[in-house]
Amino acid sequence: MAKPTVVVMPGDGIGKIVLPEALRVLDAVGFDADYVQGEIGWEFWINEGNALPDRTVELLEQHKLGLFGAITSKPKPQAAAELKPELQDKGYVYFSPIVSMRQRFGLDICIRPCRSFPGNPLNFIRRTADGGFMEPTVDAVIFRQNTEGMYAGVEWTDPPEQVLQALNQHSKFKAFADTPPGDLAISTRIFTRGACRRIITAGFEYARKHGYKSVTVCEKPNVLRETSGMMEEEAKKIHADYPDIELWSTNIDAQMMWLTKNPENYGVIVAGNLFGDIVSDGFAGLVGGLGFAASGNIGEEVAVFEPTHGSAPKYFELDPPIVNPTAMFLASAMLLDHIGETAKAGQIRDAVAAVVKAGKVRAYDMRMLPGGADVISKGAASTIQLTDAVIATL
């Protein structure tokens, strides 16, 4: 196989801390690759009016493989106010660069594994009838449709007349007929049959390949009858090709209750964009939080891998850095899986598991300390020390 080139995009805040540590782990496991820097993030929005510069898009188009750190996003008025003066009032509109990247490259399949590591004090536990407790193994993999739904970006405040005319054709919109357009904010939820079929098929294929016994469609078809209903309808059709795997259906609200009641019952879960975002963060909370949550954004040609945490700017200036880099390591392992380096991916996950189980080197979150400059003195490992422990285990 040709030597891969990976576009590394640290982004904002702690992304600039955890991504270089992940590259150290990739070097330690013997991954031979070239790395090129991709510019992305808030500073490019401020100085250029574009958080995803065209030069970074061109790098991804060329190399097809990306490793991403974290991003800062702010509401529309704040984003506009932070543009440098010569760019203000020039028509620039902020869009999340990771959302833009997903839509630009058709990264419609988002995979978010949420697996518990034995020995992690942040793992979900459940009391038993005799007053003790049990720690079920959580191994859920969420397949989130990444480019449609509520995050497609088709929305308006003060919608134009032609949009209002179209909406007025629907009987349910009559309730808003007397609302002045300037007081209306409208977001659309768009599903297409092709995208539904692609994400559902990917979920079933993953379940078959990795031995999961069920695929759960997590939507809300009793209320969102058209969009969630389409996802359910297509799942039932596709299930016919996978009779060895059970097809389950849950409503998103009930799923959020069940995942803290019996999370070990779930394997592969498929959902639209917003509900997939919600349920994956819910499951991440059962396996240690966002410090352990990674994801892959996969299209037909390009794939980008990332931790799911944000940029956490309040921790960026701390020296030594204290953030948990594990999610970034697991994102790197997903990248290796994607290009067929499964043995190396397994070695990284095994090394992380060994460090977690040993319990000697733990970031502040695993020691259940509030984040701050004093956590090192209270026994927490720095970001670099945790990376060193994983590398030593490798």
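Taking the criterion of being in contact with a Ser or Thr (Cβ under 6 Å, 6 or more places away or on another chain), over 22 Å from residue 108 (Cα atoms) and in the same structural domain as residue 139 (by TED's automatic domain parsing), would at least one residue in segment 229-247 satisfy it?
Among the residues of segment 229-247, at least one is in contact with a Ser or Thr (Cβ under 6 Å, 6 or more places away or on another chain), over 22 Å from residue 108 (Cα atoms) and in the same structural domain as residue 139 (by TED's automatic domain parsing), which makes the answer yes.
Check segment 71-88 and report whether any residue there is in contact with a Leu (Cβ under 8 Å, 6 or more places away or on another chain) and either of a type outside the set (Phe, Trp, Tyr) or touching a residue at least 40 places away in the same chain (Cβ under 8 Å) (or both).
Step one: list which residues in segment 71-88 are in contact with a Leu (Cβ under 8 Å, 6 or more places away or on another chain), which gives none.
Checking segment 71-88: not a single residue is in contact with a Leu (Cβ under 8 Å, 6 or more places away or on another chain) and either of a type outside the set (Phe, Trp, Tyr) or touching a residue at least 40 places away in the same chain (Cβ under 8 Å) (or both).
Exactly one of these conditions fails for residue 130: (1) without any contact (Cβ under 8 Å) to a residue 24 or more places away in the chain; (2) in a loop (DSSP other than H, G, I, E, B); (3) outside the structural domain of residue 268 (by TED's automatic domain parsing). Give me its number.
(3)
If I go through segment 339-352 residue by residue, how many of them are surrounded by 17 or more Cβ atoms within 10 Å (Cβ to Cβ) and out of contact with any helix residue (DSSP H, G or I) (no Cβ under 8 Å at 6 or more places or on another chain)?
To start, the set of residues in segment 339-352 that are surrounded by 17 or more Cβ atoms within 10 Å (Cβ to Cβ) comprises 339, 341, 344-345, 347-349, 351-352.
From what's left, out of contact with any helix residue (DSSP H, G or I) (no Cβ under 8 Å at 6 or more places or on another chain): 339, 341, 347.
Residues flagged as surrounded by 17 or more Cβ atoms within 10 Å (Cβ to Cβ) and out of contact with any helix residue (DSSP H, G or I) (no Cβ under 8 Å at 6 or more places or on another chain) within segment 339-352 amount to 3.
Suppose we filter segment 24-55 for residues that are in contact with a Phe, Trp or Tyr (Cβ under 7 Å, 6 or more places away or on another chain) and in a helix (DSSP H, G or I); how many remain?
2
Given the criterion surrounded by 14 or more Cβ atoms within 10 Å (Cβ to Cβ), over 23 Å from residue 273 (Cβ atoms) and not assigned by TED's automatic domain parsing to the domain that holds residue 102, identify the matching residue among 143, 117.
Working: 143 fails: over 23 Å from residue 273 (Cβ atoms).
So the residue among 143, 117 that is surrounded by 14 or more Cβ atoms within 10 Å (Cβ to Cβ), over 23 Å from residue 273 (Cβ atoms) and not assigned by TED's automatic domain parsing to the domain that holds residue 102 is 117.
Could you list, in sequence order, the residues of segment 315-366 that are touching a Ser or Thr at 6+ places or on another chain (Cβ under 8 Å) and in a loop (DSSP other than H, G, I, E, B)?
Result: 320, 321, 322, 323, 324, 325, 363.
Could you tell me which residue of segment 174-219 is farthest from residue 248 (Cα to Cα), considering only residues that are among the basic types (Lys, Arg) and over 21 Å from the mean Cα position of the chain (by Cα)? Spell out how you get there, then give the answer.
Looking only at segment 174-219, we keep the residues that are among the basic types (Lys, Arg), and these are 174, 189, 193, 197-198, 208-209, 213.
Imposing the further condition that a residue be over 21 Å from the mean Cα position of the chain (by Cα) reduces the set to 174, 193, 208-209, 213.
Details: 174: 36, 193: 19, 208: 15, 209: 18, 213: 10 Å.
The residue in question is 174.
I'm told residue 269 meets every condition in (1) in the same structural domain as residue 136 (by TED's automatic domain parsing); (2) surrounded by 22 or more Cβ atoms within 10 Å (Cβ to Cβ); (3) assigned to a helix (DSSP H, G or I) except one. Can you identify the failing condition by its number?
Unmet for residue 269, out of (1) in the same structural domain as residue 136 (by TED's automatic domain parsing); (2) surrounded by 22 or more Cβ atoms within 10 Å (Cβ to Cβ); (3) assigned to a helix (DSSP H, G or I): (3).
Taking the condition surrounded by fewer than 24 Cβ atoms within 10 Å (Cβ to Cβ), among the polar types (S, T, N, Q) and either touching a helix residue (DSSP H, G or I) at 6+ places or on another chain (Cβ under 9 Å) or modelled with pLDDT of 95 or more (or both), does residue 326 pass? Show your work before the answer.
Details: surrounded by fewer than 24 Cβ atoms within 10 Å (Cβ to Cβ): no; among the polar types (S, T, N, Q): yes; either touching a helix residue (DSSP H, G or I) at 6+ places or on another chain (Cβ under 9 Å) or modelled with pLDDT of 95 or more (or both): yes.
Taking the combined requirement at face value, the residue does not satisfy it.
How many of the residues making up segment 87-106 are within 12 Å of residue 151 (Cβ to Cβ) and either under 16 Å from the mean Cα position of the chain (by Cα) or at pLDDT 90 or above (or both)? Lay out the reasoning, then the answer.
Taking segment 87-106 first, the residues within 12 Å of residue 151 (Cβ to Cβ) are 95-96, 98-100, 102-103.
Checking which are either under 16 Å from the mean Cα position of the chain (by Cα) or at pLDDT 90 or above (or both) leaves us with 96, 98-100, 102-103.
Final tally of qualifying residues: 6.
In segment 135-194, which residue that is touching a residue at least 60 places away in the same chain (Cβ under 8 Å) and among the hydroxyl-bearing types (Ser, Thr, Tyr) is farthest from residue 308 (Cα to Cα)?
Step by step, filter segment 135-194, then rank; the result is 137.
Looking at segment 1-36, which of its residues are of a type in the set (Lys, Arg) and over 27 Å from residue 316 (Cα atoms)?
Step one: list which residues in segment 1-36 are of a type in the set (Lys, Arg), which gives 3, 16, 24.
Result: 3, single match.
Does residue 40 satisfy being in contact with a strand residue (DSSP E or B) (Cβ under 8 Å, 6 or more places away or on another chain) and either crowded, with 19+ Cβ neighbours inside 10 Å or touching a residue at least 12 places away in the same chain (Cβ under 8 Å) (or both)? Working first, answer last.
Details: in contact with a strand residue (DSSP E or B) (Cβ under 8 Å, 6 or more places away or on another chain): yes; either crowded, with 19+ Cβ neighbours inside 10 Å or touching a residue at least 12 places away in the same chain (Cβ under 8 Å) (or both): yes.
Yes: the conditions hold for residue 40.
Which of (1) under 21 Å from residue 383 (Cβ atoms); (2) assigned to a helix (DSSP H, G or I); (3) in contact (Cβ under 8 Å) with a residue 12 or more places away in the chain does residue 67 not meet, given it meets every other one?
If we test residue 67 against (1) under 21 Å from residue 383 (Cβ atoms); (2) assigned to a helix (DSSP H, G or I); (3) in contact (Cβ under 8 Å) with a residue 12 or more places away in the chain, just (2) comes out false.
The values are calculated or read from the model by the stated rules, or taken from the named source; none is laboratory data. This one's a predicted model, so the numbers in the text were calculated from it and none came from an experiment. Cβ coordinates were reconstructed from backbone atoms using ideal geometry, including for glycine residues, and neighbour counts include every protein chain displayed.
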